[in-house]
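Remarks on the structure that follows.
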Amino acid sequence: MKRARRAIRQIGYLLLSLITLSGIYAPAIARAFSGNGTGAIDNPYKVSNCEQLQDVSGDLSGYYIQTGNIDCSDTENWNSGAGFAPLGDYSTPFTGVFDGQGFTVDNLHIDAGDEVVGLFGFTSLATVRNVNLRGGLISSTSGSDSASLIGVATDSTISGCSSTVTTIGVR
């Protein structure tokens, strides 16, 4: 059953990539960052919308700053209903720096069967600070490590963060 769901999700990602190439927006996984900045410590990527937040998956070791409140309400329609794809997993963790600067990410939706689920699925040697999640739903049916902000963090620094997202993890 797990393989079938994963195969269906991969087909969905392929279809979404084709839709993106045709000019209709659909978030692509691990694409280049679409906003300003180079991802360097002295010129971080500037995240100002939900699509750019998803683009973090394209450079999991970059430096990022959030430049305002972000509405992610539409993520419930992304990826064939699976929503926002968590940033980082066990094989490719988020190892960069993300500073939310006290702004909010509103109404984030993730409905995944991934191994690690949250805005950040898995972080290792990363820094996540001043991120505030508000509203939305994060759910997982794979018996995964689920949380709203970070599914699993290893040797990472997390500070000044908060969440009011409903999180459901089913084992």
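Once phi is turned into ³J(HN,Hα) by the Karplus curve 6.51 cos²θ - 1.76 cosθ + 1.60 with θ = phi - 60°, what whole-Hz value does each residue of the range 43-53 show in order, with x for glycine and proline?
Along the range 43-53, the couplings run 8, x, 4, 9, 9, 10, 8, 5, 4, 5, 4 Hz.
Would you work out if the range 25-171 is rounded, prolate or oblate? Take a ≥ b ≥ c from the square roots of the eigenvalues of the alpha-carbon gyration tensor; rounded if a/c is under 1.5, else prolate when a/b is larger than b/c, oblate otherwise.
Values: a/c = 1.42, a/b = 1.26, b/c = 1.12.
In terms of gyration-tensor shape, rounded.
Collect residues whose amide H, placed 1.01 Å from N in the peptide plane, falls under 5 Å from the amide H of ALA153; neighbours closer than 5 in sequence don't count.
THR123
On the protein heavy atoms, probe 1.4 angstrom, tell me the percent of accessible surface of the range 40-120 carried by carbon and sulfur. Walk me through the numbers before you get to the answer.
Working: 1290 of 2930 Å².
Heavy-atom surface of the range 40-120 belonging to carbon and sulfur, 1.4 Å probe: 44 percent.
Could you give me the ³J(HN,Hα) list for the range 151-159, computed from phi with Karplus coefficients 6.51, -1.76, 1.60 and θ = phi - 60°, whole Hz, x at Gly and Pro?
With coefficients 6.51, -1.76 and 1.60, one gets x, 9, 10, 10, 6, 10, 10, 10, 8 Hz.
For the range 27-171, report the accessible area per residue in Å² (1.4 Å probe, heavy atoms, rounded to an integer).
Accessible area per residue, the range 27-171: 41 Å².
Between THR92 and SER48, what is 0.36 nm times their sequence separation minus the Cα-Cα distance? Round to one decimal in nm.
In short, 13.5 nm is gained.
Give me the net charge for the shell around SER162: Cβ to Cβ below 14 angstrom, other residues only, Lys and Arg +1, Asp and Glu -1.
Details: positive: ARG129, ARG134; negative: ASP106.
Residues close to SER162 contribute a combined charge of +1.
Using amide H atoms built in the peptide plane, which far-off residues or other-chain residues are under 5 Å from THR167 H to H?
Residues meeting the criterion, in which the H sits 1.01 Å from N, are ILE138.
If you plug each phi of the range 80-85 into the Karplus form 6.51 cos²θ - 1.76 cosθ + 1.60 with θ = phi - 60°, what whole-Hz ³J(HN,Hα) values come out, in order, with x for Gly and Pro?
Residue by residue, the range 80-85 yields 6, x, 6, x, 4, 8 Hz.
Give me, ordered by chain and number, the residues 5 or more places off THR104 or on other chains with an amide H under 5 Å from its own placed amide H.
For THR104, the qualifying residues are ASN69, ILE70.
The values are calculated or read from the model by the stated rules, or taken from the named source; none is laboratory data. Since we're looking at a predicted model, the values are computed, not measured. All Cβ positions, even for glycine, are placed from backbone atoms using ideal geometry, and neighbour counts span all protein chains on display. Areas reflect the complete protein model, heavy atoms only, side chains present, ligands, DNA and RNA absent. Shrake-Rupley method; radii C 1.70, N 1.55, O 1.52, S 1.80 Å.
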